[in-house]
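Take a look at the structure set out below.
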Amino acid sequence: MKFHRVLAIPVLVAAVASLTLTACGSSGDSGGTTVRIGTTESDPHWDVFKDKAKEQGINLNIVHYSDYSQPNTALAQKQIDVNLFQHLQFLGQYNVANNQDLTPIGATQIVPLGLYSKKHKSVAEIPQGGEIAIPNDPTNQARALFVLQAAGLLKINGAVRQPTPADVDKGASKVKVTAVDAAQTALSLESVDGSVVNNTYLLKSGIDPKSALYKDDPGNPGAEPYINAFVTRAADKGNATYLKLVDIFHSPEVQQSVQEDSKGTALEVTKSGPELEQILARVQQTIRDTK
């Protein structure tokens, strides 16, 4: 910020001090510590989470982002202190691509990824040559392709760990896939035979998760890369206030609200930061190996 030259010195000092306190996540207007947390979500459980945090002396400044590409960049640039919107596979992809070391400090949940349709009532009804929309971000795209393969709708060439549409064996597949922005997957249901939609946009669109034609199993050990987590910068992973947020998220009141928002699809996960770091390390090594 550039100050005008005529600004009085005492006022200037006070303004700088105020900015410094805000940047460090210090005392908020109502007392306690302020933490800037970024997310792409706007579900009601965030209000419960914010209220419970305030009871523990933490004022949550929730910063909402319109798409998945923003919260990690904002965290790396110190525009926010923590983010909560992504699974470990997505985080690993970001870290490797951007040479970053953003670090998970506590798990929240894992949710299934499902195939939905407004034209068909079962996987069997989807016609030969049907069109399926999938998210275009690398991590959710790969998971969506595995969902479609497990459902018997397509075949992925070889043992690719992070497949893209280019890895689909078109001759051996029943459907063709169209990659769109994750936010558009639910909207695409009006024009395609089916769409793989993650929970964030599924619930925003009012789609009943129980209407999925097919979904993966979040309880499978192979689903560990899709555990969602609180994430901060590596230097801040031991921050007691940030770690306290993890505990608050797992309080009965917040968890009850999470289940209501997710319509019972969210599977609570309580893995610690060090456990998540081990999973993330494996995820990132796999990503590097496939480059």
**Item:** In the stretch 49-81, the residues that are free of Cβ contacts under 8 Å to residues at least 60 places away in the same chain and aromatic (Phe, Trp, Tyr)
**Value:** Tyr65
**Ala74 in a helix (DSSP H, G or I), open to solvent by less than 70 Å² (accessible area, probe 1.4 Å), under 24 Å from Asp101 (Cα atoms) and of a type in the set (Gly, Ala, Ser)** = yes
**Request:** Would you mind listing the helices (runs of 4 or more DSSP H) fully within the stretch 175-291 where at least 1 residues are at pLDDT 95 or above and out of contact with any helix residue (DSSP H, G or I) (no Cβ under 8 Å at 6 or more places or on another chain)?
**Result:** 240-249, 252-261, 273-289
**Message:** Among the listed residues Leu84, Leu148, identify the single one that is closer than 24 Å to Ala266 by Cβ, buried (at least 20 other Cβ atoms within 10 Å of the Cβ) and within 18 Å of the chain's Cα centre (by Cα).
**Reply:** Leu84
**Request:** Taking the residues in the stretch 166-221 that are among the small types (Gly, Ala, Ser) and within 17 Å of Pro138 (Cα to Cα) as candidates, determine which candidate is most open to solvent (accessible area, probe 1.4 Å).
**Result:** Ala166
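The values are calculated or read from the model by the stated rules, or taken from the named source; none is laboratory data. What you see is a predicted model, and the numbers here were worked out from it, not measured in a lab. Counting neighbours? That spans all protein chains shown, and the Cβs are built from the backbone with ideal geometry, glycine included. Heads up: the accessible areas ignore ligands, DNA and RNA and are worked out on the full protein's heavy atoms, side chains in. Shrake-Rupley method; radii C 1.70, N 1.55, O 1.52, S 1.80 Å.
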